[in-house]
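Values in this text are rule-based calculations from the coordinates and carry no lab data. Just so it is clear, the model here is predicted, and its values are computed rather than measured. No Cβ is skipped: glycine too gets one built from the backbone with ideal geometry, and neighbour counts run over all protein chains shown.
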C-alpha cells in the first residue's frame, strides 16, 4: 500500500514531536526514574523538597569531612614517614587536640540532628486530611479505596501495553492537586511497601496492621513509584501510578468512578479516566 506524501509528513512530524517531548526533561510520562540519573527525582511535595535540601546539606558536609580526613592522611604519610621523620615524637597527650576531636564531631552531629528531627516530625505528623485513600498491597498489584467519596474500590495492575515500561498501569490512583492526601495502607497477604519518590513517601503495607502517611502534591501530572519491599516472585511488576489533577477533573473522575466500579467494587480492569474526560 502506497502512502501519500502528506500522510507520511504528518506521521514523521508526530514522531518528531514525541521524540522531542521525551528528550526534553523526560517528562512525557511524568516523574519517573531516568537513565543515568544520579540525583533524587524532582520534588512534587513540600516534604520531598525538604528531603532534597537535607540530602544536599549532608552531601556537602560528608564531602568536606572526607576531604579533611584525606588531607590529614596525606600529611601523615608525607611528613611522618621513617625517612622524613627518623626520630618520632614521644608526645602521648595533647589536651587541645583531644578536646577538639571530641567536641567538633558532637557539634556536627547536633547540627545534623536538628533538621533531621524536624523532617522526621513533618513526615510522621499527618495534618488534617482533605482526602483519604486506602491502599492494599496484594500479590502482586495494588487496590485503592476512596472511603470519603462513595467507598468505591478498584485494582491497579501493571499494563504491558502502556508506557513507561514496567510503570504503566491500567487504573491510576487519582488525587486532587494542593490537597492533603492521607494514605492508609495494609497488606492482604505478605509485606509490601508503598513508595512514590517524588512525593517523599515510603511506608510498609503489613498484613493485619494499618499504617498511614500523607502527601500534598503541588504540581499536576503523573507520578510513578513501585513496591519497595521484596514481596515475592512478581515484586518487580508491582508499579504505583498516581495522577494528580485539578479539583474539577477530580470531581468528574469520582462521579465516573462511582458508576464504573459500582458493578464490581472489588476489581475492574478498565479505567474510569476515559469516562471522566468525555
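Each 5 Å bin from zero up to the one holding the largest Cα-Cα distance in the range 131-277 carries the following percent of pairs: 2, 11, 20, 25, 23, 15, 5, 0. With Cα atoms defining each centre, the range 194-211 and the range 119-174 are spaced 10 Å apart in the structure.
Taking square-rooted eigenvalues a ≥ b ≥ c of the alpha carbon gyration tensor, is the range 34-122 rounded, prolate or oblate, where a/c under 1.5 means rounded and, failing that, a/b exceeding b/c means prolate?
Values: a/c = 7.51, a/b = 2.02, b/c = 3.71.
Oblate, since a/c reaches 1.5 and b/c is not below a/b.
If the chain linking residue 83 and residue 237 were pulled fully straight, counting 0.36 nm for each residue of separation and taking away their Cα-Cα distance, it would gain 49.3 nm. Each of 101, 142 was scored by other Cβ atoms within 10 Å of its Cβ. Listed from fewest to most, they are 101, 142.
Once the piece of chain linking residue 189 and residue 59 is laid out straight, how much longer is it, given 0.36 nm per residue of separation minus the C-alpha distance between them? Mind showing how you got there, number by number?
Numbers: separation 130, 0.36 × 130 = 46.80 nm, distance 3.85 nm.
Answer, rounded to one decimal: 43.0 nm.
What order do you get for 138, 162 when you list them from fewest to most C-beta neighbours inside 10 Å?
Numbers: 138 18, 162 14.
Fewest to most other Cβ atoms nearby, the residues stand as 162, 138.
Taking 30 Å as R0, compute the FRET efficiency from the Cβ-Cβ separation of residue 120 and residue 34 and round it to 0.05. The formula returns an efficiency of 0.60 here. Packing-based ranking of 79-91, 170-182 yields 170-182, 79-91, ordered from highest to lowest mean Cβ neighbour count within 10 Å.
If the viscosity is 0.692 mPa s and the temperature 37 °C, what translational diffusion coefficient in µm²/s does Stokes-Einstein give for the range 62-192 when Rh comes from Kirkwood over Cα pairs? Translational D for this selection: 155 µm²/s. Equivalent-ellipsoid semi-axes for the range 175-230 (Cα gyration tensor, √(5λ), whole Å, largest first): 22, 12, 7.
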